[in-house]
């Protein structure tokens, strides 16, 4: 797969996954490299972002966005370089943030592209800490979570791009931050590198006891990105007036049926009432697009001053995308997961 | 029970109800009429308010307020007249809003009493439309529900003191208001007298279909005061960005165990996320005491201009309190339920 190839490798949705997605749900195809018409540009994908929300696009259940059609290329955020240009607004070699999906090349008329310059320091950051995950962490925590100094914040997927950012911003705001992650290694990283006060392994046999002990003053903000068992454990620990921004429910995305069990919904509603709790779902660009500049200014400064740390896991080659994505839903990645699709020009 | 009696009839909690409260959970006692000491006043209860939250006080489950101890007088809001005064701030015959509970008389040092004047037009309104239920309706709808003109509002217990006020304020704000109530008579009243656009009988066999039809543009604000089956029906109808103020869960107050069933909690969380919905519990005086004057000013004007209608159901005699309260939890009352405990002086 070199710049001179005339092929466009791409991954299409072959069938809708039931439960965890597998290789058989996708098809790696080789198409002709597209040719930009007058006014268009050819985008060369350098980085493809993999994010949990993509599981929703593979299903035809009603959601906040339309599903990907079977036999269509899977969607996804990308960082691309302009390889050919028939558009005066774009120069060859220029970097852009795009949404060209799981493929090596795409054409665009330039609409909706965010320019990243000709020599960006960390172009892939536009898919992570400076992009959707970072922005989601920032607005969900600060606008809905509204943390006050001294509050206890709990966040799961603590070393993922959202959780790691939530926790570090929480520390900057003077809060006590408790992370939850899926391995001892991740927990160590959250405490030693990210500065979390505690981080608890949800696979530990005494997870519930550990979380209760760590949250001895209750929980003021629970940043919800996983759902399931973790939420059940958090619910009775929420303090009066707690806030629960809901940005994702990763533990539920592969669920094929709703588990039986006692009526936890009534428990939740009773808790919301008695403790005057606010829970609020949000979709980052729908709700907060008008505040992106505020976020970008703050985050740029924090990164520059090394107040926020950011970890990426880069997987080489489009052909490894399906395996990497399946692992993402199981918590196998460590840091923001991106696929390196092509070498830069 | 005349003004000259030396007895104080009172109702104490004899045992904690399991499920629906019955007569055997209470004891009607006759004590001596209390004598006010220097600086104290004797309060003669004229009206006792009965409200669903009292069911919570009968249980020792952890809640936002301490339970009533067994053998103590049941708590409750009252409108009283001063029958004797050893306190220069209070004159005999003056009316006050108090919290003296299920009894004919009580003494007070005056602290926490709200003066209602010497000849109030509708003294019992202080327990309803001008008091806790009216204030709850107003702040929950306007502050958390934040209705915009053209929104669809759904409220259950539509002829109760909270629901009726929510719906009428919703109409004043230019919204489409759908009520839910427990009889055809109540539904007629909600539409013909209160001006609701629709009101649906939740005991109708085709309740779900009727609510779906009435909410053909979805639901923007669901004012939650009942929980249970009604919430299940409302959940899939909530629009993107909907708001759900939670002021009560009456249908659950007598529940002795959580029903088994599919995991509706996961459904709720998924809905909150995908539709970016805000749910928020609130306890009226904890959250909004500082805005009581704003409410009182608005409501006084609305009542004067006949823009808001208010219905009371007055039951005569303290001895009928338990039966009336049990009926309240089953939806048997029609309008704000108060007990007339004594005749005015």
Residues of segment B:330-345 classified as surrounded by fewer than 20 Cβ atoms within 10 Å (Cβ to Cβ) and farther than 22 Å from residue B:195 by Cβ, total:
6
Counting only residues that are touching a helix residue (DSSP H, G or I) at 6+ places or on another chain (Cβ under 9 Å) and either at positive phi or in a strand (DSSP E or B) (or both), which one in segment A:4-40 is surrounded by the fewest Cβ atoms within 10 Å (Cβ to Cβ)?
A:28
Which condition number in (1) under 17 Å from the mean Cα position of the chain (by Cα); (2) over 29 Å from residue A:177 (Cβ atoms); (3) touching a residue at least 24 places away in the same chain (Cβ under 8 Å) is the one that residue A:137 fails?
(2)
Looking only at segment B:189-214, and only at residues there that are out of contact with any strand residue (DSSP E or B) (no Cβ under 7 Å at 6 or more places or on another chain) and buried (at least 17 other Cβ atoms within 10 Å of the Cβ), the one that is farthest from the other protein chains (Cβ to nearest Cβ)
B:189
Enumeration of residues in segment A:268-287 that are within 19 Å of the chain's Cα centre (by Cα) and crowded, with 19+ Cβ neighbours inside 10 Å
A:280, A:281, A:282, A:284
Given the options B:248, B:182, B:167, name the one that is under 24 Å from residue B:337 (Cα atoms), away from chain A (no Cβ under 12 Å), within 18 Å of the chain's Cα centre (by Cα) and buried (at least 23 other Cβ atoms within 10 Å of the Cβ).
B:167
Quick one: count up the residues across segment A:215-232 that are surrounded by fewer than 20 Cβ atoms within 10 Å (Cβ to Cβ) and either over 29 Å from residue B:144 (Cβ atoms) or more than 20 Å from the chain's Cα centre (by Cα) (or both).
5
What do you reckon, is residue B:240 more than 30 Å from residue B:312 (Cβ to Cβ), facing chain A (nearest Cβ under 8 Å) and modelled with pLDDT under 95?
yes
In segment B:43-98, what residues are assigned to a strand (DSSP E or B) and at pLDDT below 90?
none
Boolean, residue B:316 is under 27 Å from residue B:121 (Cβ atoms), in contact with a strand residue (DSSP E or B) (Cβ under 7 Å, 6 or more places away or on another chain) and away from chain A (no Cβ under 14 Å):
yes
Test for residue B:151: is it assigned by TED's automatic domain parsing to the domain that holds residue B:189, in contact with a helix residue (DSSP H, G or I) (Cβ under 9 Å, 6 or more places away or on another chain) and buried (at least 21 other Cβ atoms within 10 Å of the Cβ):
yes
Within segment A:104-125, can one find any residue that is in contact with a helix residue (DSSP H, G or I) (Cβ under 7 Å, 6 or more places away or on another chain) and modelled with pLDDT of 95 or more?
yes
Restricting the search to segment B:289-311, which residues are closer than 19 Å to residue B:79 by Cβ, buried (at least 18 other Cβ atoms within 10 Å of the Cβ) and within 18 Å of the chain's Cα centre (by Cα)?
B:295, B:299, B:310
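The values are calculated or read from the model by the stated rules, or taken from the named source; none is laboratory data. Keep in mind that what you see is a predicted model, and the values were worked out from it rather than measured. Don't worry about glycine lacking a Cβ; one is built from the backbone with ideal geometry, like all the others, and counts go over all protein chains shown.
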